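In what follows, a single structure is set out as structure tokens and then discussed.
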Amino acid sequence: IYGELTYHVSDTFRLTGGFRWFDNETVNDTILGFPLPPGSTSPAAPQSTDKDDDILVKINASWDLSDSSMVYATYSEGYRHGGAQAVPSLDNGDPFGEPNAEGIRTFKSDSVKNLELGIKGGSDRLRYTASAFHVDWDDPQLNTTSAFYGFYLAANGDAASTQGIELEAEGYASETLHFRVGYTYVNAELDKDFLSPQTGALVAPKGSELPGAPSHTLSFSLDNRWEVNANMDLVAGFNAYYQDESENFIEQDDQFSETFDSFLLMGANASLVTKNWSATLYAKNLSDEAAPTGAFPTSYWSYDTGNFEYWYGNGNRQFIVQPRTIGLKFGYRF
């Protein structure tokens with residue numbers, strides 16, 4: 001159920017409030033899938049039922065400083081449901097079972113509270129936005145591994161937070177030269193120690209950087225339009241994206257831990273445009289960067305280095321961007 005209401009306090013001040021009510025029930029009943037010796041069986045994992053219901057709130061207030069600028073404040077809440085994972089249990093007699101598998105068989109929901117303050121405005125030649133945000137994350141769902149055999153799984157931490165700033169400007173440096181630039185700074189870290197729900201041991205200490213959260217990102221694009229003749233224009237552009245180094249895993253001593261270097265992606269395009277048709281020559285990732293943002297840097301899914309190594313094949317891989325690509329695209333507007 002979702003509802004929203006906007007109230008105009010005055011000609012320049014607006015207040016918007018909304019809510020979302022959810023009632024979520026998840027039933028988890030899985031068959032464990034670890035490779036078994038001939039003649040062995042794996043019992044069904046015990047069933048678990050998780051139920052969540054709550055009201056999520058969103059409130060926004062905005063004030064017009066002038067006809068072309070405004071300040072705003074937004075408070076919002078978010079939610080993500082929990083889930084289950086198939087972990088062999090030593091107590092159930094599973095081969096290669098984990099002790100206290102019950103503690104990691106499920107993970108619960110997590111939620112966030114977000115506060116954002118900003119200003120936006122512009123003129124005929126320039127539009128801009130600047131904002132600062134802070135996000136409190138309760139029971140964050142974090143990737144980790146089981147304590148004994150190193151099964152990949154999700155577990156709940158205690159608390160984390162993300163804060164930063166976002167800046168963006170778009171406009172025209174001349175009648176035909178258009179630009180857009182954006183910058184984001186993010187500080188994302190654990191606010192409390194992340195302890196293993198299986199053993200209670202320390203997985204990552206307070207202050208650890210959250211994975212997949214580079215501190216600095218910068219984007220830029222520039223394009224210009226030239227008149228070829230009365231019926232045709234040439235539009236050429238350049239774009240770039242920079243990302244600071246980031247972490248792959250919350251636990252620095254784990255086999256999945258890896259620090260990704262910063263990278264710069266660049267692209268260019270040129271288009272002939274008429275009223276009805278267009279032809280575009282484009283190039284993406286000009287410097288052919290790999291730009292990894294995630295990885296499974298080990299060659300197998302558990303710590304086992306004996307008889308069952310490579311049972312599932314080599315799992316070593318990185319999540320990379322599309323390699324250098326040059327193409328030609330045609331379009332027609334009916």
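The values are calculated or read from the model by the stated rules, or taken from the named source; none is laboratory data. The shown structure was predicted, so the numbers you read here are calculated from the model rather than taken from an experiment. In this analysis, Cβ positions are derived from the backbone assuming ideal geometry, glycine residues included, and neighbour counts consider all displayed protein chains. What goes into the accessible areas is simple: the full protein's heavy atoms, side chains included, and nothing from ligands, DNA or RNA. Shrake-Rupley method; radii C 1.70, N 1.55, O 1.52, S 1.80 Å.
The table below lists the values:
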{"item": "Test: Leu36 is over 25 Å from the mean Cα position of the chain (by Cα), modelled with pLDDT of 90 or more, surrounded by fewer than 16 Cβ atoms within 10 Å (Cβ to Cβ) and not small (Gly, Ala, Ser)", "result": "no"}
{"item": "Residue in the stretch 247-254 that is without any contact (Cβ under 8 Å) to a residue 40 or more places away in the chain, in a loop (DSSP other than H, G, I, E, B), of a type in the set (Asp, Glu) and surrounded by 15 or more Cβ atoms within 10 Å (Cβ to Cβ) present", "result": "no"}
{"item": "Positions within the stretch 80-106 being in a loop (DSSP other than H, G, I, E, B) and within 18 Å of Gly200 (Cβ to Cβ), in sequence order", "result": "Val87, Leu90, Asp91, Pro99, Asn100, Ile104, Arg105"}
{"item": "Residue that is surrounded by the most Cβ atoms within 10 Å (Cβ to Cβ), among those in the stretch 191-230 that are closer than 25 Å to Thr259 by Cβ and over 24 Å from the mean Cα position of the chain (by Cα)", "result": "Leu202"}
{"item": "Residue that is most open to solvent (accessible area, probe 1.4 Å), among those in the stretch 167-190 that are of a type in the set (Asp, Glu) and touching a residue at least 40 places away in the same chain (Cβ under 8 Å)", "result": "Glu168"}
{"item": "Selection within the stretch 39-49 - modelled with pLDDT of 60 or more, assigned to a strand (DSSP E or B) and open to solvent by 50 Å² or more (accessible area, probe 1.4 Å)", "result": "Thr49"}
{"item": "Counted residues, the stretch 50-64 - those being surrounded by 14 or more Cβ atoms within 10 Å (Cβ to Cβ) and not small (Gly, Ala, Ser)", "result": "9"}
{"item": "Test: residue in the stretch 107-130 that is within 22 Å of Asp254 (Cβ to Cβ), part of a strand (DSSP E or B) and out of contact with any Leu (no Cβ under 6 Å at 6 or more places or on another chain)", "result": "yes"}
{"item": "Ala268, sole failed condition from (1) modelled with pLDDT under 95; (2) assigned to a strand (DSSP E or B)", "result": "(1)"}
{"item": "Selection from the stretch 1-33 of residues that are at pLDDT 75 or above, surrounded by 13 or more Cβ atoms within 10 Å (Cβ to Cβ) and assigned to a loop (DSSP other than H, G, I, E, B)", "result": "Thr12"}
{"item": "Contacts under 9 angstrom Cβ, first residue in the stretch 284-297 being modelled with pLDDT of 95 or more and open to solvent by 40 Å² or more (accessible area, probe 1.4 Å), partner assigned to a strand (DSSP E or B) and of a type in the set (Gly, Ala, Ser), 6 or more apart", "result": "Lys284/Gly267; Lys284/Ala268; Lys284/Gly327; Leu286/Gly267; Leu286/Ala268"}
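Quick grid of which residues meet (1) in a loop (DSSP other than H, G, I, E, B); (2) among the small types (Gly, Ala, Ser); (3) within 28 Å of Pro99 (Cα to Cα); (4) touching a Ser or Thr at 6+ places or on another chain (Cβ under 8 Å):
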| residue | (1), (2), (3), (4) |
| --- | --- |
| Lys192 | yes, no, yes, no |
| Gly200 | yes, yes, yes, no |
| Pro211 | yes, no, yes, yes |
| Pro214 | yes, no, no, yes |
| Asp223 | no, no, no, no |
| Val228 | no, no, no, no |
| Leu234 | no, no, no, yes |
